[in-house]
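**Student:** Mind looking over this structure? Questions follow.
The values are calculated or read from the model by the stated rules, or taken from the named source; none is laboratory data. These figures come from a predicted structure and were not determined experimentally. Every residue, glycine as well, gets a Cβ built from its backbone with ideal geometry; the counts of neighbours run over all protein chains shown. These area figures cover heavy atoms from the full protein model, side chains too; ligands, DNA and RNA do not enter into them. Shrake-Rupley method; radii C 1.70, N 1.55, O 1.52, S 1.80 Å.
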Amino acid sequence: MRIAIMTDSYLPTRDGVVTAVMTLSKSLRDLGHTVFIIAPDPGEGGREEGVHYFPAMRFRKYPDYFLPVFPSGKRGLIESLDPDIIHIHGVAFMALKGLIVSRSTGVPAVATYCTNVVDTLEFYSPVPIPAHILSRLAWVYLRNFLKRPKCVVALTPATLTEFEENGVVTKRTAVIPVGIDVDRFATGLDGSGIRERHGIADERVVIHVGRVSYEKNIGVPIKAMRHLPEGVKLMVVGKGPALEDMKGLARSEGLEGRVIFTGFVPDDELALYYSASDVVVSASRFETQGLTIAEAMACGLPAACSDGRAFLDVVEDGVNGFFFKDTPEDCASAILRCLEGGEGMSANARRTAEGYSMRAVAKRMADLYESVAGAGKPS
């Protein structure tokens, strides 16, 4: 098939949407499909070869993102690419362009709901509006957006439950997660070089991976370190708008020596960072899947996660990890139980991750494309 992926964010931006697009496009190409990526233009120096770009401006509230607010010649591009399906990732400007060009060309569109945008508006809204009003307006928008694609893809069943609770009606839904490379993220890798780089000797290491942003609630695992033994350290991997505030929090809590901020880590080193660690943690209630949790599990790490949203579909309490409430004390308790879980919990984590293999996920997505595209053809 010929597949046009239209995404709200792409390289050099780093987030779950970008990872999802990169993983899916590679997997589909490996299966023999032709994939085109259409993304907001980050400007000279940020462009990737082979990607089709629409003119964009930098988002002032979050400079790592680019908004394609300008005219883009989308119909001409889609007609020249001649795709069988348009796959939208996101719900913002590029997603709207995808819906418009789908309607004007007749190429069916599916949309993956990657980001809980309702939760982000409180932090990144360009206008000062009370959070409860922003939430109500966001769901009005989402109800209108999500009823238009031929199929809406959720990453976990929890998202479909949230749709139902907020009156979202769609033409069709499917639950297909983002795939992970279970060969690259594997058990038995040597993370000693990472430990040496960051001055970690015999300590137990808890790792948090992802954008360092306010909605990720990273302050909870940072504060949890006060309730854990001295021989436990937290490694925060990633960058983002909350980084300096999180460093300041660690200082104010007297935890500078126990919380390591690595900054951005290249993809080819990420598996080694997981392998240098003992437990993965996330206090976020924002996730639609929790991709980094699945990656860490593939490396054999049990997970300590907040008891909400997507994690309920990934973590099995007491089997491959433990849940906690939104307090540092409960987070620390879950981390400690993970550290005491032993090889059995590590093996269970790996088995969970194997269900997210890239190839299996790509096959499911290709089958969905065939079904959606076929439904629009005359019999």
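**Student:** Kindly sort H132, H208 by accessible area of their heavy atoms, largest first, with the probe set to 1.4 Å.
**Tutor:** Sorted by accessible area, descending: H132, H208.
**Student:** So what is the accessible area of region 1-153 per residue, in Å², with the probe set to 1.4 Å?
**Tutor:** 45
**Student:** Sticking with this one: Have a look at the DSSP beta bridges in the chain and tell me what percent are antiparallel, nearest 5.
**Tutor:** 5
**Student:** So how much slack lies between E269 and D326, counting 0.36 nm per residue of separation and subtracting their Cα-Cα distance, in nm?
**Tutor:** 17.5 nm
**Student:** Counting Lys +1, Arg +1, Asp -1, Glu -1, what net charge surrounds D41 among other residues with beta carbon under 12 Å of its beta carbon?
**Tutor:** 0
**Student:** Convert 20 °C to kelvin, take the viscosity as 1.002 mPa s, use the Kirkwood radius over C-alpha pairs of region 90-207 as Rh, and evaluate the Stokes-Einstein diffusion coefficient in µm²/s, rounded to a whole number.
**Tutor:** D, rounded to a whole number, is 122 µm²/s.
**Student:** Computed on alpha carbon atoms, what radius of gyration and Dmax characterise the chain, expressed in Å?
**Tutor:** 20.8, 69
**Student:** A follow-up question, please. Measuring with a 1.4 Å probe in the full set of protein chains, what accessible area per residue, in whole Å², belongs to region 245-316?
**Tutor:** Result: 30 Å² per residue.
**Student:** So what is the calculated 222 nm ellipticity per residue for the chain, using -39500 (n - 2.57) for each DSSP H run with n of 4 or more, over all residues, to the nearest 500 deg cm²/dmol?
**Tutor:** After summing the helix terms and dividing by residue count, I get -12000 deg cm²/dmol.
**Student:** Let me ask something else about it. What helices does the chain hold that run 20 Å or longer along their axis, going by alpha-carbon atoms, with a Kyte-Doolittle average of -1.0 or more, using DSSP H for the helix calls?
**Tutor:** Those that pass (Cα extent of 20 Å or more, hydropathy at least -1.0) are 16-30, 131-146, 358-375.
**Student:** Let's see if you can work this out: charge +1 on each Lys and Arg Cβ, -1 on each Asp and Glu Cβ, no other charges. What is the dipole magnitude of the chain about its Cα centre, in debye to the nearest 20?
**Tutor:** Once rounded to the nearest 20, the dipole reads 1360 debye.
**Student:** Of K61/K216; K26/K171; K325/K363, which ones are farther than 25 Å apart at the Cα?
**Tutor:** Flagged as over cut-off: K26/K171; K325/K363.
**Student:** Once label points are set 7 Å from the Cα along Cα→Cβ at both R172 and E79, what is their separation, rounded to one decimal in nm?
**Tutor:** About 2.7 nm separates the two model spin labels.
**Student:** If Rh is defined by the Kirkwood formula over all Cα pairs and Rg also comes from Cα, what ratio Rg/Rh do you get for region 256-355?
**Tutor:** 0.94
**Student:** Let me ask something else. Considering only protein heavy atoms and a 1.4 Å probe, what is the carbon-and-sulfur percentage of the accessible area of region 237-379?
**Tutor:** Roughly 48 percent of what the probe reaches on region 237-379 is carbon or sulfur.
**Student:** Compute from the Cα atoms of region 173-248 the Rg and the Dmax, the latter being the longest Cα-Cα distance, and quote both in angstrom.
**Tutor:** Rg and Dmax of region 173-248, Cα atoms, are 15.4, 48 Å.
**Student:** Next up: Could you state the per residue volume, in Å³, of the convex hull enclosing the Cα atoms of region 58-109?
**Tutor:** It is 81 Å³ per residue.
**Student:** Still on this structure, please answer the following. When the accessible area of region 1-92 is computed with all protein chains present and a 1.4 Å probe, what percentage of it is carbon and sulfur?
**Tutor:** Ligands and nucleic acids excluded, carbon and sulfur give 49 percent.
**Student:** Roughly how many percent of the accessible protein surface of region 116-214 is carbon and sulfur, given a 1.4 Å probe and a whole-percent answer?
**Tutor:** Answer for region 116-214 is 53 percent, counting heavy atoms of protein chains only.
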